[in-house]
Amino acid sequence: MNSHLSLEEIYQWLAGEGREEAEEHFRECPACKAEMQELHDALAGFRSSLEQAQVPAVSYPRVRPTLPRWILATAALALLVATPLYWNAHQQRAAEQARADELLLERIDASLSRSVPASMEPLMQLITKENQ
């Protein structure tokens, strides 16, 4: 190979993602091999310093989230006001539904109480007029 490997190609080879051409180039080119060895030694030194470094344990105090009392008092007051309003609206809806059900039952009762169906009423009026 005439040209040297780029830093990216050297990094890829160090990460284990290199191609066989890069390895052949390292055998043939002492400059690229020296640069690769320099980067390899730097990474190895960094790794060993991390392994030897003692990281202090960090502990954070547990903070219990608390709501201010005025927020809790406001929520309790809103609940006290909203409950009777909701109950009243619920009772009104139930009364309206009961009235609607009663009207429906009255219409059904009136329809069932007829002696003849509504479509036959004109015929019945003719028959009663003839009989008179």
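When E20, E106 are sorted by how many other C-beta atoms sit within 10 angstrom of their C-beta, beginning with the fewest, the order is E20, E106.
Basic side chains Lys and Arg get +1 at the Cβ, acidic Asp and Glu get -1 at the Cβ, and with that the dipole of the chain about its Cα centre reaches some 1440 debye. Each principal axis of the Cα atoms in segment 24-132 has its own extent, and those three values, largest first, are 133, 56, 16 angstrom.
Taking the charge dipole of the chain about its Cα centre, with +1 at Lys and Arg Cβ atoms and -1 at Asp and Glu Cβ atoms, the residue from S115, V55, I10 reaching farthest to the positive side is S115. For the chain, the relative contact order is 11 percent, taking Cα pairs closer than 8 Å that sit 6 or more residues apart in sequence and dividing their mean separation by the residue count. Mean residue ellipticity, 222 nm, helices only, the chain: the sum of -39500 (n - 2.57) across DSSP H runs of n ≥ 4, divided by residue count and rounded to 500, is -25000 deg cm²/dmol.
Here, each number is a calculation from the coordinates, and none is a lab measurement. Just so you know, these numbers come straight off a predicted model, no measurement behind them. Every residue, glycine among them, receives a Cβ derived from its backbone with ideal geometry; neighbour counts consider all protein chains shown.
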